[in-house]
Amino acid sequence: MARAALSIRRGTRRDVPTIVALIRGLAEYERLVHEVEITPAQARRHGFGRRPYFETLICRRGRRPVGFALYFFTYSTFLGRPSLYLEDLFVLPEERGRGAGRALLRALGKVAMARGCGRMEWTVLDWNAPAIRFYRRIGARLHKEWIHTRLTGAPLRRLARSR
């Protein structure tokens, strides 16, 4: 029996339950499910509301969602052009190695080119050897000299209140 073909399309408001489920799947894979706070209402408001903060691509095999990419745009002052920042890329474990990840990245590359981006960027956990190998195979360079920095929770609130 032949497997169904992959298709990729932009996520819509109707995809919110799928997007949230795939975010949870990614969190489980990354052993970070305890950090997931997103609700469908937040995803709907922040991705499909008056001012969207992110966009998504949904990858399907036949009618079944098998992966997604969630991204937004930043700006490179050095390049003088926008950058596509890939926040999440996730493919269901049983679908890995079957083309969904590459198809999502190819579609993201097309979005980046259509929007005049000078680059695409993302982070990968240092223990995720399969993903690192995959990214290297497509030509991505890992920049270990750049340290990903995050301010959240109480420290963020303190900073915002400081004079």
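Laboratory data are not the source of any read-out in this text; all were calculated from the coordinates shown. If you're wondering where the values come from, they're calculated on a predicted model, not measured in any experiment. We place every Cβ from the backbone using ideal geometry, glycine too, and count neighbours over all the protein chains shown.
Before moving on, here are some points about what is shown:
- Note on the stretch 91-163: Cα convex hull, mean projected area over all directions, 7.9 nm².
- Helices assigned as whole DSSP H runs in the chain whose Cα atoms extend at least 15 Å along their own long axis and whose mean Kyte-Doolittle hydropathy is 1.0 or higher are found at 16-29.
- Between amide H atoms placed 1.01 Å from N, distances below 5 Å from ARG119 occur with LEU84, all of them 5 or more places distant or on a separate chain.
- Dividing the summed helix terms, -39500 (n - 2.57) for each DSSP H run of n ≥ 4, by the number of residues in the chain produces a 222 nm estimate of -10500 deg cm²/dmol to the nearest 500.
- Ranked packing of 75-88, 96-109, most packed first, by mean Cβ within 10 Å: 96-109, 75-88
- DSSP beta bridges in the chain [antiparallel fraction, %, rounded to 5]: 90
- Proxy reagent accessibility, fewest Cβ within 10 Å first, across ILE132, ILE23: ILE132, ILE23
- Charge dipole of the chain about the Cα centre (unit charges at C-beta), most positive-ward option of ASN128, TYR85, LEU26: TYR85
- Sorting THR123, THR56, THR149, THR18 from the fewest to the most surrounding beta carbons within 10 angstrom yields THR149, THR123, THR18, THR56.
- Percent of alpha-carbon pairs separated by more than 28 Å within the stretch 6-161: 21
- Here LYS110, LYS144 are placed in order of increasing Cβ neighbour count within 10 Å, fewest first, which gives LYS144, LYS110.
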